[in-house]
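In what follows, a single structure is set out as structure tokens and then discussed.
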Number of protein chains: 2
Amino acid sequence: MGAFKFRGAYNFLAQLSPEERARGVVAFSSGNHAQGVALAASLFGVPATIVMPTDAPAVKLDATREYGAEIVFYERETSHRDEIARGIAGERGATLVPPFDDPRIVAGAGTAALELLEDAGPLDAIVVPVGGGGLMGGSAIAAHGIDPAIAIYGVEPKSGDDFVQSLARGERVTIAVPKTIADGLQTTSPSDLTFAVAREHGSTVVTVGDDELREAMRFAFERMKLVIEPSGAAGLAALLHARVPGIAGKHVGVIVSGGNVDPVRFAELVAESRRPSEYPAKRRV
Amino acid sequence: MGAFKFRGAYNFLAQLSPEERARGVVAFSSGNHAQGVALAASLFGVPATIVMPTDAPAVKLDATREYGAEIVFYERETSHRDEIARGIAGERGATLVPPFDDPRIVAGAGTAALELLEDAGPLDAIVVPVGGGGLMGGSAIAAHGIDPAIAIYGVEPKSGDDFVQSLARGERVTIAVPKTIADGLQTTSPSDLTFAVAREHGSTVVTVGDDELREAMRFAFERMKLVIEPSGAAGLAALLHARVPGIAGKHVGVIVSGGNVDPVRFAELVAESRRPSEYPAKRRV
């Protein structure tokens, strides 16, 4: 469904009992987790209800509906999606599928790093986008199972630097809902689980600005012929703009995911960005 | 450089003598052949001059320049690009690199089908875009070298059906410069070489409309996360809209190339197209 979120959702649903599956699943998500749960649920024949914000991208709403899930809307600024989702789960006896705060979700996400290492061979570092930290945590666990020396870097939006702040303070920090074009990275704090995994695995988190995300999207479109949504471009943006320390001359893998963005919205986002040919020469790739 | 055209250009330049390389190369092209020749020339250290129409997409002009080629402009409607290119070649003693009418170009293009078969395993049919017919010819030769039973289908724009007309009449037909969004498929007739190869290999050519190209571009963007320019979408469009006869239940490979289109132009092209979710159910993929 165009993002790594399917991996965690599928792994989660695969481990539910037949009785739990029969009662259905519920999730809250601005988009990719919604689609991941909806697709995994349809593959297992499980009824799915997804709580989505009214401003979720149309392309993500459409896809979630197409996978057969029921959508319940909420206002991002005024209501609490987790409470709505828990309420629905309680009423129906359904299981809540959390977006990242669960070992099954984290483990599923980590299979992306596993496949990256299988395809690319030995790597010195892996760079991934960070929302709730599930992909970063799963990647660290999977990668370090193969080679404990691999450095794990997470990238979050400048305005949504809850993970950077949390690692600096040594405790979970909660921020206001960040304003960023990276709609998949608008989390307000790490979870206990993802924070603990990041500390245990020595992960480093850096930030990129929205302009840098736009340039990375344009770079991928023009030079790699790949469609990346703003959230999925975080790792690539950090590399293109030299935000990741200590990797010069190293063999670095980047997880680029997802790609769910409306073509017109895509063009609006990148229209004002510099073309790759306008980058300073030293940044050319 | 985002299109199969590099393959033919590289193969052509690889077979020039050191003396010929020193005198440089000249090509005329609306875009992808220009970039292919420019990149191949820069890799061989050969000076390249490219004759391009004033209305060529900016993204293709930029890339051609970035690869170090000199660009000479012409008016598509009023001047003859091949005469201009031959004039320059004559003055400088440079070698003209034709866009498709040369065995070295056709053979280079055919490596795309070779790699498709290596990656995908045995196929019943291969579907490719058709401009001058170099990719179709090369694909037929390469594929039939492996398995003579593979059916070869070419796809050209409805308004530029010179190959369809030529095969129907049994002789080369020349049409007016076609009006189509597929700027890479605006050829006006097959060449002697590509027409002969198409007949010898029993290739079938079908057509798609510009609306169908737009829908295929949108489908690839939304569902495959791939950027395809209008010309590169021809094969995919023909499959999505059931324009290729006799392939139901068959194992079919499609060559999707190129992907050189400005993001804003891309959005303009697909904005009016149907989303994949709006296709009739029987056409769903």
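Okay, here's what the table says:
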item	result
In Hz, Karplus ³J(HN,Hα) per residue of the range A:242-253 (6.51, -1.76, 1.60; θ = phi - 60°; x = Gly, Pro)	6, 8, 9, x, x, 10, 4, x, 8, 8, 10, x
Computed FRET value (nearest 0.05) for B:Asp119 with A:Thr78, which takes r as the C-beta separation and R₀ as 45 Å	0.35
For the range A:23-37, 3J(HN,Hα) per residue [Karplus equation, 6.51 cos²θ - 1.76 cosθ + 1.60, θ = phi - 60°, Hz, x = Gly/Pro]	7, x, 10, 10, 9, 10, 5, 7, x, 6, 5, 4, 5, x, 5
Dipole magnitude of the protein assembly as shown about its Cα centre (Cβ charges: Lys, Arg +1; Asp, Glu -1), debye to nearest 20	180
Note, ³J(HN,Hα) from phi for the range B:209-225, Karplus 6.51, -1.76, 1.60, rounded to Hz, x at Gly and Pro	x, 4, 4, 5, 5, 4, 5, 5, 4, 5, 4, 5, 5, 7, 9, 10, 6
Exposed GluC sites (Glu not before Pro) absent - longest run of chain A, DSSP non-H/G/I/E/B, at most 11 other C-beta within 10 Å	A:172-271
Shape call, the range B:103-272: gyration tensor on alpha carbons, a/c limit 1.5	oblate
Sequence-distant residues sharing a close amide H with B:Phe73 (under 5 Å, placed H)	B:Met52
For B:Asn32, net neighbour charge (Lys/Arg +1, Asp/Glu -1) across residues whose Cβ lies under 12 Å away	+1
Sites B:Gln15 and B:Glu70, calculated FRET efficiency, Cβ-Cβ separation with R0 22 Å, nearest 0.05	0.45
C-alpha center-to-center spacing [the range B:22-97, the range A:198-240] in angstrom	35
Estimated distance in nm for a label pair at A:Ala58 and A:Glu268, the labels positioned 7 Å out from Cα along Cα-to-Cβ	1.0
Unsatisfied cross-links (Cα-Cα over 20 Å) in the set A:Lys225/A:Lys250; A:Lys225/B:Lys5; B:Lys5/B:Lys179; A:Lys225/B:Lys225; A:Lys60/B:Lys60	A:Lys225/A:Lys250; B:Lys5/B:Lys179; A:Lys60/B:Lys60
Gain in span if fully extended, B:Ile146 to B:Arg86, counting 0.36 nm per residue against the direct Cα distance	17.9 nm
Qualifying trypsin sites (Lys or Arg not before Pro) in the range B:155-190, DSSP loop, other Cβ atoms within 10 Å at most 11	B:Lys179
Candidates per trypsin sites (Lys or Arg not before Pro) in the range A:235-279, loop by DSSP, up to 11 other Cβ within 10 Å	A:Lys250
Cα→Cβ-extended label distance, 7 Å offset, between A:Asp101 and B:Val177, nm	6.3
Dipole of chain A [Lys/Arg +1, Asp/Glu -1 at C-beta], most positive-end residue of A:Pro276, A:Ala234, A:Leu13	A:Pro276
Residues with amide H under 5 Å from that of B:Gly209, placed H, sequence gap 5 or more	B:Lys158
R0 of 35 Å, Cβ-Cβ distance A:Asp211-B:Glu200: FRET efficiency to nearest 0.05	0.05
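Values quoted throughout were computed directly from the atomic coordinates according to the rules given, and no laboratory measurement underlies them. Quick caveat, the model's predicted, so the values are computed rather than measured. Positions of Cβ are generated from backbone atoms using ideal geometry, with glycine treated the same way; all protein chains shown enter the neighbour counts.
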